[in-house]
Amino acid sequence: MHNLDTAQTRRAMLRSAFVMASGAAASACVSRVETAMAPALPVPAYVPPIPQAPVVAKAAPRTPLGMRPELFKQALAALDRHSMRIPSHDRLAVVDFSKPSYQPRMYLVHLGRGEVETFLVSHGIGSDPQHTGLLHRFSNEVNSEATCEGAFLTSDYYVGKHGDSQRLLGLDPTNNNALDRAIVVHSAWYANAEMITKHGKLGRSQGCFAVGENELAKVFERLGPGRMIYSAKV
């Protein structure tokens, strides 16, 4: 009997081992089949990083030769302040009325290239009643015949009593009557360089920016409409 029980026990152990082995084989097979049938995940394409341009600080324009730095700083501040009303920022004119009329005091500046040209320009009778050759005061009043200060926008050309002229729009409270006063850029015989040889100074305008008769075309070409003239005496 003992031998029979031992044989039965061995057969039971063999059947159990067979069942476990069969189950493991089946699980491995299912696992391989499921793995083979699983959808492959897409691999994103390699996108190289976009190179970023280096940040370069924009250098402030240098003060043109012969112009006082504080005046140029004021002119640039005015250009920035009125930037939405001034279409073109590449060139501007700065008139330094602290200088006498026998000196070139209108600076036409090309900001991009740092180039500058200077011109003689007259001031108004009301700014120099004694005709000293120096501007003593500004005025924005109608009929004052004085030069006014501030930023102007150059506008359209026309032919008036002084010939070819360019209208100016005053952008500041100190010159906002410029259009009503007909403050313009024009040429005049009394703004020619010969006046300095004869009289030591230029003649006076009625508040307009009067330049020499041979210089007007160059001023118009350099400045053109849509740019700024800044008039000051710092």
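Amide H contacts of Gly124: Thr147, Ser205, Gly207, each under 5 Å away and 5 or more positions distant or on a separate chain (H built 1.01 Å from N in the peptide plane; Pro and chain starts excluded).
Roughly to the nearest percent, how much of the accessible area of the range 66-221 is carbon and sulfur, given a 1.4 Å probe?
51
Convex hull volume of the C-alpha atoms in the range 78-234, normalised per residue: 102 Å³.
Taken along its three principal axes, the alpha carbon spread of the range 54-135 comes to 58, 26, 19 Å, from the longest extent down to the shortest. Taking 7 Å steps out from each Cα toward its Cβ at Glu213 and Glu115 produces label points 2.8 nm apart. For the range 80-132, the solvent-accessible area of protein heavy atoms averages 46 Å² per residue (probe radius 1.4 Å; ligands and nucleic acids excluded). Annotation: per residue accessible area for the range 137-234 equals 46 Å², rounded to a whole number [probe 1.4 Å, protein chains only].
Calculated FRET efficiency, Arg222 to Leu65, Cβ-Cβ distance, R0 = 22 Å: about 0.85 to the nearest 0.05. As a calculated quantity, the FRET efficiency between Gln103 and Leu169 at R0 = 30 Å, using C-beta atoms, amounts to about 0.65.
The values are calculated or read from the model by the stated rules, or taken from the named source; none is laboratory data. All figures in this text were calculated on a predicted structure; none of them were measured in a lab. No Cβ is skipped: glycine too gets one built from the backbone with ideal geometry, and neighbour counts run over all protein chains shown. When the accessible area is computed, the model is the full protein with side chains, heavy atoms only, and any ligands, DNA or RNA have been set aside. Shrake-Rupley method; radii C 1.70, N 1.55, O 1.52, S 1.80 Å.
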